Every structure is written in C-alpha cells, then in structure tokens.
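Taking it in order: structure first as structure tokens, then the write-up.
The numbers here are math on the coordinates, done by the rules we state, and not lab data. Owing to the predicted nature of the structure, the values given are computational and were not obtained by experimental measurement. Heads up, the Cβs are rebuilt from the backbone with ideal geometry, glycines too, and the neighbour counts pull from every protein chain shown.
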Amino acid sequence: MKEFEKIRSKYIVQIVFSYLSEKNKLKIVKYNSNLQIKLDIKLKDFKKLSGRFIVYETSIKGKEYITKNKKLFYEGEYLNGERDGHGKEYDPKKQILIYEGEFSKGKINGNGKEYYDNGKLKFKGEYEKGKRNGKGKLYYIRGGLEFYGIYLNDEKNGKGFEYDYNGGLKFAGFYLNGKRNGKGKEYSNGALLSRNLTEDGNKKNNVLTFEGNYSDGLKHGQGKEFYFEGGVKFEGEYRNGTRWFGKEYTEYGDLKYEGGYLQGNKNGLGKEYKNGRLLYKVKYVNGKKIDIYL
C-alpha cells in the first residue's frame with residue numbers, strides 16, 4: 001500500500017470531502033503548479049490514520065486538468081495514484097484527443113492509438129514505457145496506411161513495409177533506427193492493399209524497380225534496378241545512394257555499358273557494347289564522353 005500524499009511527494013495534496021450521490025464516496029483533489037487531478041474514490045478503499053488517508057491497491061477512474069484553465073488533460077483509470085489501465089490523453093490547448101489506449105505505472109504501455117489534429121488515426125500499435133515498441137501501423141494525415149512494421153524506442157527497426165497515398169506498396173525491407181538498412185526492395189505503381197495485410201505485404205500487381213542493400217537510409221552495396229517490364233536495367237555497386245560501378249542493360253537484356261560512376265553519372269574508364277558485343281573502351285567525366293579507345 002502507498003500513501004496518496006506521498007506519491008510525487010514534492011506536490012501538495014489536499015483532501016476535500018464533498019457530498020456525492022453515494023454516501024460512501026469522497027472526493028480527492030490533488031494540486032501542483034500545473035496539474036489538478038480529481039478522483040472519485042470509494043471510502044472503503046481508504047483507512048484513516050492520524051488524520052491522513054492511505055490508499056490500498058485499487059483501480060479507480062479519474063480526470064486530470066490543467067490548473068490555470070481547467071482544460072482536460074487525461075481521463076481514465078488509475079492504480080495507486082498512477083495512470084494504469086485504459087485511458088485517453090488530450091491536447092490541453094486544442095482539447096482534442098491525441099492518444100487512447102493502455103497505461104501501466106503512469107506511462108503509455110500496451111496497445112494504443114495516436115491521432116492527428118484533424119481527428120484522423122495517426123498510429124496504431126504496441127507501446128512500452130511510453131514509446132512505440134513492437135508491431136505498429138503508421139497512417140497518412142489524410143488517411144491510408146503509410147507504414148506497417150516493427151518499432152523499437154519510437155523508431156522503425158526490423159522488417160517493415162511502406163505504402164504510397166493510393167495504397168500501393170513502395171518498399172519492403174529492413175530498418176535500423178528509423179532508416180532503411182540491410183536488404184530491401186522498391187516498387188512503383190505498387191500493389192493495392194488487401195483488407196487483411198500480411199507480414200509479407202500484398203504483392204499482387206507490384207512492379208519491382210530495385211532490389212539490394214541499404215545503409216543509413218540510402219542504397220549502399222550490391223543492388224539491381226529493373227525495367228517496368230521486368231528485365232534488369234542495371235546491376236552493380238552503390239555508394240551513398242547512387243551508382244558506383246556496374247553494368248547497364250537494354251530492355252531486351254543485352255549488355256550496353258560496363259564501368260564506373262560518380263554521383264550516378266558515368267565517370268572514368270568503361271566499356272560500351274552493342275547487341276552484347278564490345279564496341280570500344282571509353283572515358284567519361286561526369287556523364288560526358290570525352291575519349292574513345294578502339
């Protein structure tokens with residue numbers, strides 16, 4: 001058991017009796033410089049001791065207000081003076097719902113939902129110690145799924161899927177600290193979402209445009225680009241998001257260039273091909289052909 005007066009002991013607590021519809025209830029008002037909590041608590045949950053009341057372990061419902069303007073800040077369940085159970089948080093200035101879900105020991109914990117200022121769903125998923133942790137879905141402000149995957153300490157971590165405004169799959173792969181990291185695939189004109197989203201995403205009608213490795217949110221390492229028709233467009237090495245060295249192919253699958261790149265442009269010595277056969281060696285500077293070697 002805990003003394004209600006000693007919870008957050010730097011605050012001053014007043015106990016105010018009031019006559020309610022039920023005679024076995026009393027009202028407790030808890031004050032500090034910013035916050036006021038009003039709770040209706042059954043008298044049987046208290047024990048009088050030297051003029052003070054001690055709260056036993058019991059679940060109760062209450063509301064929190066900003067002291068100066070009496071604006072609602074929280075409403076829901078408490079245990080031992082802390083938020084515990086189901087509750088709702090509000091923006092104290094705009095008086096709009098910003099979170100609804102589970103709490104434990106004063107912090108958001110369990111399943112819950114976040115909302116945009118316009119009332120649209122922002123996030124739905126799992127929380128631990130006040131942060132997004134576990135599976136979750138992030139939504140666009142106008143509606144529609146933006147991301148589905150795993151979170152760790154409020155950041156995307158592990159396997160996840162990104163979607164465009166129309167519900168098409170944009171990316172499927174792995175994340176680290178909120179950024180793409182490791183293996184991944186990019187799509188254009190992605191698949192329409194099914195009602196029951198699977199962990200692998202709904203790949204119907206997907207158009208794969210890139211497959212490879214990422215680091216710190218950028219293409220980095222080995223990868224392949226694809227034509228919309230499905231053939232390989234480029235394969236090779238990427239650095240910091242752009243081509244570094246590799247091979248280009250025609251839409252028919254014939255090799256047409258092999259060499260280096262700088263910031264995505266052909267650069268340095270390379271080889272050009274026609275119908276898969278070597279034409280000549282060539283030198284590029286920032287995408288411009290400056291010399292040919294027969």
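How much FRET efficiency would the formula 1/(1 + (r/R0)^6) give for Tyr165 and Leu269, where r is the Cβ-Cβ distance and R0 is 51 Å, rounded to 0.05?
0.75
Fully extended, how many nm does the chain gain between Glu229 and Thr242 (0.36 nm per residue separation, minus their Cα-Cα distance)? Numbers along the way, then the final one.
Working: separation 13, 0.36 × 13 = 4.68 nm, distance 2.23 nm.
So the extension gain works out to 2.5 nm.
Among Phe245, Phe210, which comes first, second and so on when ranked by fewest other beta-carbon atoms within 10 Å?
Phe245, Phe210
Using r as the Cβ-Cβ distance of Lys131 and Lys68, and R0 as 30 Å, what FRET efficiency do you calculate, to the nearest 0.05?
Calculated value: 0.55.
Fully extended, how many nm does the chain gain between Leu278 and Thr250 (0.36 nm per residue separation, minus their Cα-Cα distance)? List each step's numbers first, then the result.
Details: separation 28, 0.36 × 28 = 10.08 nm, distance 1.41 nm.
Difference between extended and current length: 8.7 nm.
Please give, to one decimal in nm, the separation of the simple spin-label points placed at Leu262 and Val285, each 7 Å out from Cα toward the Cβ.
Label-label distance for Leu262 and Val285, simple model: 0.9 nm.
Going through the cross-link list Lys61/Lys135; Lys61/Lys113; Lys113/Lys170; Lys183/Lys281; Lys63/Lys137; Lys122/Lys159, which pairs have a Cα-Cα distance over 26 Å in this structure?
Too far apart for the 26 Å limit: Lys61/Lys135; Lys183/Lys281; Lys63/Lys137.
Which entries in Lys131/Lys224; Lys156/Lys289; Lys219/Lys274; Lys131/Lys233 show an alpha-carbon gap greater than 31 Å?
From the list (Lys131/Lys224; Lys156/Lys289; Lys219/Lys274; Lys131/Lys233), the Cα-Cα distance tops 31 Å for Lys131/Lys224; Lys156/Lys289; Lys131/Lys233.
Ranked by Cβ crowding within 10 angstrom, fewest neighbours first, how are Leu79, Leu294 ordered?
On the way: Leu79 17, Leu294 5.
Starting with the residue having the fewest Cβ neighbours, the order is Leu294, Leu79.
Between Lys107 and Tyr140, take the C-beta separation as r, use R0 = 25 Å, and let me know the FRET efficiency to the nearest 0.05.
For Lys107 and Tyr140, the calculated efficiency is 0.35.
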